[in-house]
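For reference, the structure discussed in these notes is given below.
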């Protein structure tokens with residue numbers, strides 16, 4: 001059983017919902033990420049989504065794009081992201097870490113670091129670093145069966161996005177290869193855009209669960225404890241990113257971790273209530 005599956009299993013047995021904060025690796029300071037990850041766990045995070053900076057994101061809104069640009073300017077790439085996860089694992093070997101990003105950095109990593117037969121250098125090194133899951137926005141499920149199998153063979157899950165426009169056929173394709181959890185994008189737009197309609201989310205989740213047996217997390221548009229609690233009543237997990245990025249963006253180095261903790265603790269409390 002993967003760390004992600006074990007985490008959701010334990011939460012389910014205790015009647016709790018997963019809090020999954022997202023931060024961009026290397027933001028707002030190149031050396032802050034492992035400490036920030038530990039701080040988020042202290043505040044009640046169950047899974048951490050770590051954004052891999054990329055120059056041409058298609059799903060990210062202005063807030064996360066800006067964070068990615070800043071991290072790239074600080075020299076943060078996939079090599080550095082894996083090193084951050086490895087550093088985090090020196091003190092935490094239980095909290096699942098999911099890398100969220102795009103195909104280009106993953107495939108470029110394999111080009112630069114080579115393959116041994118059919119083995120991906122990225123999969124090998126991600127597993128060694130302690131990564132638990134991948135969410136590659138532009139990897140369609142129809143083309144991912146082999147990749148998903150390689151990840152599972154190395155103890156990692158492949159996570160997919162579903163959207164308000166996803167058809168039943170699309171959900172079935174995702175269900176065929178997804179593991180860990182699926183990420184339901186609650187808005188027709190990019191991260192941080194629009195207002196969240198909880199009734200629409202509540203109506204959509206039963207449709208998803210008709211096809212998908214893994215837990216369903218909901219993100220995009222969750223900005224505070226109240227919206228997190230509303231979504232937590234119907235979803236298995238709440239993903240929160242853009243608002244957290246905004247809150248830490250202009251903090252001095254010594255205040256970044258504390259600011260994240262101060263924001264996430266009330267969200268955790270609302271989910272548990």
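Rule-based calculations on the coordinates, nothing more; no lab input. The shown structure was predicted, so the numbers you read here are calculated from the model rather than taken from an experiment. Positions of Cβ are generated from backbone atoms using ideal geometry, with glycine treated the same way; all protein chains shown enter the neighbour counts.
General observations
- Where helices (runs of 4 or more DSSP H) fall wholly inside the range 1-112, the ranges with 1 or more residues that are closer than 25 Å to residue 230 by Cα are 3-13, 33-42, 62-73.
- Complete set of residues in the range 52-92 that are under 17 Å from residue 222 (Cα atoms) and buried (at least 21 other Cβ atoms within 10 Å of the Cβ): 60, 64
- The residue that is farthest from residue 180 (Cα to Cα), counting only those in the range 111-139 that are surrounded by 16 or more Cβ atoms within 10 Å (Cβ to Cβ) and in contact (Cβ under 8 Å) with a residue 60 or more places away in the chain, is 137.
- Residues that are in contact with a helix residue (DSSP H, G or I) (Cβ under 6 Å, 6 or more places away or on another chain) and either under 16 Å from residue 27 (Cβ atoms) or not in a strand (DSSP E or B) (or both) within the range 113-124 comprise 113, 114, 121, 122, 123, listed in sequence order.
- One residue alone among 169, 142 is surrounded by fewer than 14 Cβ atoms within 10 Å (Cβ to Cβ), in a helix (DSSP H, G or I) and out of contact with any helix residue (DSSP H, G or I) (no Cβ under 9 Å at 6 or more places or on another chain), and that residue is 169.
- Number of the exception - residue 150 against (1) out of contact with any strand residue (DSSP E or B) (no Cβ under 8 Å at 6 or more places or on another chain); (2) over 27 Å from residue 203 (Cα atoms): (1)
- Of the residues making up the range 209-230, those that are touching a helix residue (DSSP H, G or I) at 6+ places or on another chain (Cβ under 6 Å) and farther than 23 Å from residue 26 by Cα number 9.
- Meets criteria (part of a loop (DSSP other than H, G, I, E, B) and without any contact (Cβ under 8 Å) to a residue 40 or more places away in the chain) for residue 180: no
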